[in-house]
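Visitor: Okay, handing you the structure first.
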Amino acid sequence: MADFLPAFERMLVNEGGYRLVKVAGDNGGLTYAGISRKAWPDWPGWDDIDAGRVPDATMVRGFYRANFWRPLELDEVADQRIAQTLFDFAVNAGPGTAAKLAQLVIGTTPDGKVGPRTLAALNAANADQFVPLYALAKIARYRDIVTRDRSQIKFLLGWINRTLKEAA
């Protein structure tokens with residue numbers, strides 16, 4: 001079964017590490033270790049940051065495990081590469097979107113929830129086929145975002161590079 005820690009470490013690199021960041025035009029606003037204050041205003045790490053302290057790394061890992069890894073049932077996914085690419089995309093686009101795209105790739109009902117049928121199909125999937133097909137689906141989604149909102153075009157190359165890195 002897939003292991004959270006290596007997937008987390010790889011994702012954290014993609015998110016820029018344990019840093020406080022605000023990128024102009026980023027809809028997520030202020031982030032710490034990729035955790036958006038706008039999306040997660042009640043995350044306890046913000047109290048530490050507001051007090052001038054660095055949030056504990058265990059708190060960051062726990063946040064990602066609870067909000068992105070577990071909702072996708074990734075402990076039950078047999079292939080590490082499949083779990084890792086799902087996890088990384090969930091962090092970037094949300095677990096529901098990550099699940100829906102995976103369901104489209106594996107041919108199950110795209111409801112955005114990982115249940116027994118989705119898990120069975122993910123575990124039956126060949127990672128060498130799934131990962132590149134999933135990467136293409138992610139790139140198409142990014143294209144659609146930029147088509148709807150031209151202000152997001154400055155992030156397109158980064159999104160594509162992140163996708164290709166995960167597919168390699």
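The values are calculated or read from the model by the stated rules, or taken from the named source; none is laboratory data. Note that the structure is predicted; figures quoted are calculated from it, not measured. Cβ: placed from backbone, ideal geometry, glycine included. Neighbour counts: every protein chain shown. With ligands, DNA and RNA removed, areas are computed over all heavy atoms of the protein, side chains included. Shrake-Rupley method; radii C 1.70, N 1.55, O 1.52, S 1.80 Å.
Visitor: Quick one: in segment 31-62, of everything that is part of a loop (DSSP other than H, G, I, E, B) and open to solvent by less than 50 Å² (accessible area, probe 1.4 Å), which residue is farthest from Ser151 (Cα to Cα)?
Guide: Pro55
Visitor: Can you give me the ranges of the helices (runs of 4 or more DSSP H) entirely in segment 101-168 with at least 1 residues that are of a type outside the set (Asp, Glu) and modelled with pLDDT under 95?
Guide: Helices (runs of 4 or more DSSP H) meeting the threshold: 127-148, 153-167.
A quick yes/no check of all residues on (1) out of contact with any Lys or Arg (no Cβ under 8 Å at 6 or more places or on another chain); (2) open to solvent by 40 Å² or more (accessible area, probe 1.4 Å); (3) over 28 Å from Pro44 (Cα atoms); (4) among the hydroxyl-bearing types (Ser, Thr, Tyr):
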position	(1), (2), (3), (4)
Asn67	yes, yes, no, no
Leu86	yes, no, no, no
Val114	yes, no, no, no
Leu119	yes, no, yes, no
Asn126	yes, yes, yes, no
Val131	no, no, yes, no
Tyr142	yes, no, yes, yes
Ile153	yes, yes, yes, no
Ile160	yes, yes, yes, no
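Visitor: Right, another one. Counting only residues that are of a type in the set (S, T, N, Q) and farther than 17 Å from Val13 by Cα, which one in segment 88-112 is least open to solvent (accessible area, probe 1.4 Å)?
Guide: It comes out as Gln103.
Visitor: Could you check segment 150-168 and list, in sequence order, the residues that are in contact (Cβ under 8 Å) with a residue 12 or more places away in the chain and over 16 Å from Ala7 (Cα atoms)?
Guide: Ser151, Gln152, Lys154, Phe155, Leu156, Trp159, Ile160
Visitor: Okay, next question. Considering only residues of segment 73-100 that are charged (D, E, K, R) and in a helix (DSSP H, G or I), which is nearest to the chain's Cα centre (by Cα)?
Guide: Among those residues, the one meeting the criterion is Asp88.
Visitor: On the given criteria, is Arg70 basic (Lys, Arg) and either within 24 Å of Gln129 (Cβ to Cβ) or in a helix (DSSP H, G or I) (or both)?
Guide: yes
Visitor: Val146 is checked against (1) open to solvent by 40 Å² or more (accessible area, probe 1.4 Å); (2) more than 23 Å from Leu5 (Cβ to Cβ) and fails just one. What number does that condition carry?
Guide: Exception for Val146: condition (1).
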